[in-house]
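The values are calculated or read from the model by the stated rules, or taken from the named source; none is laboratory data. This structure is a prediction, so every number in the text was calculated from the model and none was measured. Reconstructed Cβ throughout: ideal geometry from the backbone, glycine too, with neighbour counts over all protein chains shown.
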Amino acid sequence: MASGPRKPGKQKLSTRIAHAGRDRKLTQGGVNPVVQRASTVIVESAAKLFEPGGWTYGRHGTATHEALKQALVEVEDARHCALAASGLLACTVPFFALASSGSHVLVGDNVYGPTRRFCDRSLKRWGCEIEYFDTTIGAGVAKLIRPTTRLIFVESPGSMTFEIADAPAIATAAKAAGVVTVMDNTWSAGVFYKPLALGFDLSVQANTKYISGGADVINGSILTNREDLITKLKESIADLGINVAPDDAYLVLRGLRTLETRMERHQASGLEVARWLKTRPEVQRVLHPALEDDPGHALWKRDFTGASGLFGIVLKPASTKQVHAFLDALELFGLGFSYGGFESLAIHCDPQLKRTATKPAFGGPLIRLSVGLEDPADLIADLEQALAALG
């Protein structure tokens, strides 16, 4: 039985996440941590009421949260972890902590839609200037950095369009200018991609998706190796009153225990479905960085060790009515905006595809597919009968 956290790299990932957060003081003898629900905390003495770093209120976390954080740092090979109540909060807290009125931030043009919405709606209202950029420029980002630049936020692969960023080149340019870098690492779940090892300062994830894997909990995390940054993040989280319910933390940790096993299945099934779709006459292009002919494949092969089950396809030119007929004909693929659960999902991306620094022109409707844990042969059969509905 594990007696405490292990040093990163000492054992394989699947072993580390199976045993992390299982100190007896967190589990009280079980193999899982206790679900500790607390608002009021009784301290041992009056002197400890205002002790720096002491646990004095439930909003700051419980044994359940501590167990989850110990497991999450193993996934990303990180030293520090902060939890958020959603993946979106994990993405936006770094802006709140590091940007201010009069500052400038660089944001990948292909980031998660709600992150972009936060920048356009809330961050601008604070007087912060947002500049969207093409993340495929790599080291070219140095030309965009200003004296007032405080943050560079990237998602790789890009949301919905799946471009791969040259993370080491971006990180090098940012470090030379003293700018903090943030990577949305939800696509790889931290299993197949290690942004911190590539030079990024922060790695954020929507634990809602692959980490939890059950499509039944909303949660996020921010990982870093820098003590100065985790201090600023924790201060902002405290100022905002962000709180993660212990029951949610427990559910995320329960799902995380099987993360590597699930990701291997998502990868294999996703590639099988993607390669089949490349053979279909109705499909103009498959957007999947693990495919050899994808524009980002070389960078993916260099920096990633695998792929998730999320990718895109571009259909041959078709009307919205035809696209809806295809989607409505799907039986195993549900129509939903999330991903990373056990279930397969599909969405039509065109209505929410917003770009200003780049102008992707695919020449046909863009569909995002999330391949779940169903048998890929059944998923292929479902797609085949649905494609017939295109007419």
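A few comments on the model shown:
- Odd one out for Lys359 among (1) of a type in the set (Lys, Arg); (2) assigned to a strand (DSSP E or B); (3) more than 12 Å from Met160 (Cβ to Cβ): (2)
- Taken over the range 137-163, the residue count meeting the criterion of being under 20 Å from Val93 (Cβ atoms) and polar (S, T, N, Q) is 3.
- Figure legend. Inter-residue proximity from the range 58-78: first residues assigned by TED's automatic domain parsing to the domain that holds Ile211, second residues buried (at least 21 other Cβ atoms within 10 Å of the Cβ) and among the polar types (S, T, N, Q), beta-carbon distance below 6 Å, spacing 6+ or different chains. Indicated pairs: Leu72/Ser221; Glu76/Ser203.
- Filtered residues of the range 75-89 (kept if under 16 Å from the mean Cα position of the chain (by Cα) and outside any loop (DSSP other than H, G, I, E, B)): Val75, Glu76, Cys81, Ala82, Leu83, Ala84, Gly87, Leu88, Leu89
- Checked across the range 35-53, the condition of being farther than 18 Å from Asp184 by Cα and aromatic (Phe, Trp, Tyr) holds for at least one residue.
- Any hit, the range 281-290, residues being β-branched (Val, Ile, Thr) and surrounded by 21 or more Cβ atoms within 10 Å (Cβ to Cβ): yes
- Exactly one residue among Thr64, Thr15, Thr92 is part of a helix (DSSP H, G or I) and either more than 22 Å from the chain's Cα centre (by Cα) or over 30 Å from Phe118 (Cα atoms) (or both), and that residue is Thr15.
- The listed residue being surrounded by fewer than 24 Cβ atoms within 10 Å (Cβ to Cβ), within 25 Å of Glu74 (Cβ to Cβ) and either modelled with pLDDT of 95 or more or not assigned by TED's automatic domain parsing to the domain that holds His104 (or both), out of Ala167, Ala206, Ala176, Ala197: Ala197
- Count of the range 42-60 residues which are part of a loop (DSSP other than H, G, I, E, B) and either surrounded by 15 or more Cβ atoms within 10 Å (Cβ to Cβ) or of a type in the set (Lys, Arg) (or both): 2
- In the condition set (1) exposed (fewer than 14 other Cβ atoms within 10 Å of the Cβ); (2) part of a helix (DSSP H, G or I); (3) among the small types (Gly, Ala, Ser), Ala325 is compliant with all but (1).
- Flag set for Ser221, criterion: assigned to a strand (DSSP E or B), closer than 16 Å to Ala85 by Cα and of a type in the set (Ser, Thr, Tyr).
- Of all residues in the range 62-108 being farther than 21 Å from Gln36 by Cα and of a type in the set (S, T, N, Q), the one that is surrounded by the fewest Cβ atoms within 10 Å (Cβ to Cβ): Ser101
- Hits in the range 210-234 - residues which are surrounded by fewer than 24 Cβ atoms within 10 Å (Cβ to Cβ) and either of a type in the set (D, E, K, R) or on the phi > 0 side of the Ramachandran plot (or both): Ala215, Asp216, Arg226, Glu227, Asp228, Lys232, Lys234
- If only residues of the range 333-342 that are part of a loop (DSSP other than H, G, I, E, B) and surrounded by fewer than 18 Cβ atoms within 10 Å (Cβ to Cβ) are counted, the one that is nearest to the chain's Cα centre (by Cα) is Ser338.
- Under the condition of being at positive phi, out of contact with any Phe, Trp or Tyr (no Cβ under 8 Å at 6 or more places or on another chain) and hydrophobic (A, V, I, L, M, F, W, C), the residues counted in the range 135-190 number 1.
- Residue that is surrounded by the fewest Cβ atoms within 10 Å (Cβ to Cβ) [pool: residues in the range 109-160 that are within 22 Å of Leu198 (Cα to Cα) and among the polar types (S, T, N, Q)]: Thr136
- Residue in the range 240-298 that is farthest from Gly312 (Cα to Cα), counting only those that are among the basic types (Lys, Arg) and part of a helix (DSSP H, G or I): Arg254
Every residue, every condition in (1) modelled with pLDDT under 95; (2) under 15 Å from Val283 (Cα atoms); (3) more than 28 Å from the chain's Cα centre (by Cα), yes or no:
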site	(1), (2), (3)
Ile347	no, no, no
Leu353	yes, no, no
Ala357	yes, no, no
Pro360	yes, no, no
Gly372	no, no, no
Ala388	no, yes, yes
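- In the range 111-127, the residues that are free of Cβ contacts under 8 Å to residues at least 60 places away in the same chain reach residues that are assigned to a helix (DSSP H, G or I) with C-beta atoms within less than 7 angstrom, at least six apart or across chains, in these pairs: Pro114/Leu88; Phe118/Thr92; Leu123/Phe95.
- Enumeration of residues in the range 362-371 that are assigned to a loop (DSSP other than H, G, I, E, B) and either under 15 Å from Phe333 (Cβ atoms) or of a type in the set (Gly, Ala, Ser) (or both): Gly363, Gly364, Val371
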